[in-house]
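Written out below as structure tokens is the structure these notes cover.
The values are calculated or read from the model by the stated rules, or taken from the named source; none is laboratory data. This is a predicted model, so every value here is computed, not measured. FYI the Cβ positions are ideal-geometry reconstructions off the backbone, even for glycines, and counts take in every protein chain you see.
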């Protein structure tokens, strides 16, 4: 249904052109005798043209709202904690520990040993992340983005341009996948919107 909606302007243009041509042919064949029908056809053409213009304007407003929403998401997402976590994930420097009391992620110091001291100090400032922190800082945001895209609030192209690298990098991380698989043993639906938006972005890649 969503795929069909984006072709509505094209369908409207084709239909309007068809009606205009048909109206012109009708005028030539009728010799201008049936004026009431002619007026009706012209009115229909005008209404369709107005509908098309309204659709274009609505589409512009929707894109503007989507852009504003993306800006707000970026502002909320790109925090110092998120940057550190993304760096650790990109370097495969996080390990999932399935502790019975509270599962968590540990920072693997050996994975960042060759980095400059200042960067290493920043990344080691926090050596453990609970699964709740991982959700709040990263996964929860991606889950929300998936929900917003399915609801039509966000445009997939904007999501792809702004977030696809982060979504794909996190989703493909083995330790993140271990955590998700563990959680799905109890709840099969958990992070399904994150998985959805990952595959949606991958199709555009």
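Summary of computed values
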quantity	calculated
Members of the stretch 86-102 found to be in contact with a helix residue (DSSP H, G or I) (Cβ under 9 Å, 6 or more places away or on another chain) and in a strand (DSSP E or B), listed by number	94, 95, 96
Residues that are in a loop (DSSP other than H, G, I, E, B) and over 22 Å from residue 189 (Cβ atoms), drawn from the stretch 103-144	108, 113, 114, 115, 116, 124, 125, 126, 127
Failed item, numbered, when residue 204 is tested on (1) without any contact (Cβ under 8 Å) to a residue 12 or more places away in the chain; (2) surrounded by fewer than 14 Cβ atoms within 10 Å (Cβ to Cβ); (3) within 18 Å of residue 70 (Cβ to Cβ)	(1)
From the options 198, 171, 179, 166, residue that is touching a residue at least 12 places away in the same chain (Cβ under 8 Å), surrounded by 18 or more Cβ atoms within 10 Å (Cβ to Cβ), on the phi < 0 side of the Ramachandran plot and touching a strand residue (DSSP E or B) at 6+ places or on another chain (Cβ under 9 Å)	179
Residue ID - nearest to residue 183 (Cα to Cα), chosen from residues in the stretch 99-112 that are out of contact with any strand residue (DSSP E or B) (no Cβ under 9 Å at 6 or more places or on another chain) and modelled with pLDDT of 95 or more	109
